[in-house]
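The values are calculated or read from the model by the stated rules, or taken from the named source; none is laboratory data. What you see is a predicted model, and the numbers here were worked out from it, not measured in a lab. So basically every Cβ, Gly included, is an ideal-geometry build from the backbone, and we count neighbours across all protein chains shown.
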Amino acid sequence: MIEKRANAWEQSKEILERAEKNGGVLSAEDQTQFDKYATEMDGYSEQIDRLGQHAERSAKIAGEQLQRADAEKKTKTEVEDTDAQVRGAYAEFLRKGPGKMDPKQKAVLRANQSTTDAEGGYGIPTTTSTEMINALRAFGGVEPLATVITTATGNDMNFPTNDQTGVAGEWLGEASTAATGDETIGVKAIESWKAGSKFIKVSNELLLDATFDIVGWVNDRIVERIGRLTNTAFTTGSGSSQPHGFVGDAAEALEAASDTAVTADEVITLQHTLDPEYAKNGTFMFNNTTFKALRQLKDGNSQYLWAPGLANGVGNMFLGSPYVVNQDMVSMASNTDPIAFGDFSAYLVRHVGGMTIKRLDERFADADQTAFIAFHRVDGRLLAANATTYNPIQVINMAT
């Protein structure tokens, strides 16, 4: 897969270099071919990333099972058997509803809830909820890079923010008085906002089909819907009844000369505006449309700014730094912030407890359908005390 991606990149370079000799303009045929290879590269990258994420999640689940086995004085096989029983009880809840569940199965479900719901819903079983939250973390672009915490309750939390990037120690002569080296201390409130999946409807015939993986089907849709919602908020959220997006709290590194395009020099300026302490963990972020334009940029030595990863464990790079394609970043247009570079571990994501789910038997009975709806509380905030020079995330603002 890595070799195929590298081959597609070489084909793309040949097209761009041919166009450069002809005045820098791609013919319609070359543009079609370039787009084809670009799509292939994106597809190979996505497959490589998915395989890596699957392996990472599988290893994490196995590790958690070993930890539980040790804590509960059980074998790993016994823990796996327990998880299978809980998953079976959850499947019966989804298929039949609590009123028609076997009492023993209902007791298993109740005993293994990740959280309680005072409004009549059920907490998704702890192990399943953990797997789903882990999948949420891999969804979109922000959370995989962020610092993530989980709290049992949703009370507001005040996080201190300190900025000492401009503070250094001092040399002292004999009997000299030490100077004050106060850091800039601030406070950011981390709250909790309820995200909902909307109604997930399924026909009752399908619910009763024993070969249908109801657990996987429902969980995938919950993760996809809440994942899309939260990534949008973590990117551009207003902070009003939803998380604060990092873009609104990031600092403007520079204004581009154009309102529809950026130059290689402008992207290099963005990278070097970030304080070196943050730049050590720096990652670019942009959407796929912007990425397509950036992929064609060259530096002063006629080297492309984008380079494919050519070995296992080595990702694609842009200007020597990793990048993430986040479709919730805006495209290049007047007075927008389409490209970010920063240390995204300074963005804090909070999950509150596990997920809850409700089964609605009557609401869509006229269509012979049962609906499910899930809820999960989250928040996100960029912890940056200094909003300008030492902000951990910088953006390019397009010309007005």
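Enumerate the pairs (first residue in region 135-162 and at pLDDT 90 or above; second residue anywhere and in a loop (DSSP other than H, G, I, E, B) and of a type in the set (A, V, I, L, M)) with beta-carbon separation below 7 Å, excluding pairs fewer than 6 apart on the same chain, so at least 6 apart or on different chains.
Pro144/Ala138
Does region 250-258 include one or more residues that are of a type outside the set (Phe, Trp, Tyr) and within 28 Å of Ile149 (Cβ to Cβ)?
From region 250-258, those of a type outside the set (Phe, Trp, Tyr) are 250-258; that's our starting set.
Narrowing further to those that are within 28 Å of Ile149 (Cβ to Cβ): 250-251.
Within region 250-258 (the criterion being of a type outside the set (Phe, Trp, Tyr) and within 28 Å of Ile149 (Cβ to Cβ)), the answer is yes, since at least one residue qualifies.
Considering each residue of region 263-278, count those that are at pLDDT 95 or above and within 20 Å of the chain's Cα centre (by Cα), and give that number.
0
Can you tell me which residues in region 343-395 are small (Gly, Ala, Ser) and on the phi < 0 side of the Ramachandran plot? Outline the logic, then answer.
Of all residues in region 343-395, those small (Gly, Ala, Ser) come to 345-346, 353-354, 365, 367, 371, 374, 380, 384-385, 387.
Across region 343-395, the qualifying residues are Ser345, Ala346, Gly354, Ala365, Ala367, Ala371, Ala374, Gly380, Ala384, Ala385, Ala387.
Taking Thr283 as meeting all but one of (1) surrounded by fewer than 21 Cβ atoms within 10 Å (Cβ to Cβ); (2) out of contact with any strand residue (DSSP E or B) (no Cβ under 7 Å at 6 or more places or on another chain); (3) touching a residue at least 60 places away in the same chain (Cβ under 8 Å), write down the number of the exception.
(2)
Hey, could you check region 236-256 for residues that are in a helix (DSSP H, G or I) and in contact (Cβ under 8 Å) with a residue 24 or more places away in the chain and say which is surrounded by the fewest Cβ atoms within 10 Å (Cβ to Cβ)? Explain how you work it out, then say what you get.
Looking only at region 236-256, we keep the residues that are in a helix (DSSP H, G or I), and these are 236, 246-249.
Among the residues that remain, those that are also in contact (Cβ under 8 Å) with a residue 24 or more places away in the chain are: 236, 246-247, 249.
Working: Thr236: 17, Phe246: 27, Val247: 22, Asp249: 19.
Out of the qualifying residues, it is Thr236.
Hey, does region 288-302 have a residue that's outside any loop (DSSP other than H, G, I, E, B), modelled with pLDDT under 95, basic (Lys, Arg) and surrounded by fewer than 19 Cβ atoms within 10 Å (Cβ to Cβ)?
Yes, there is a match, as at least one residue in region 288-302 is outside any loop (DSSP other than H, G, I, E, B), modelled with pLDDT under 95, basic (Lys, Arg) and surrounded by fewer than 19 Cβ atoms within 10 Å (Cβ to Cβ).
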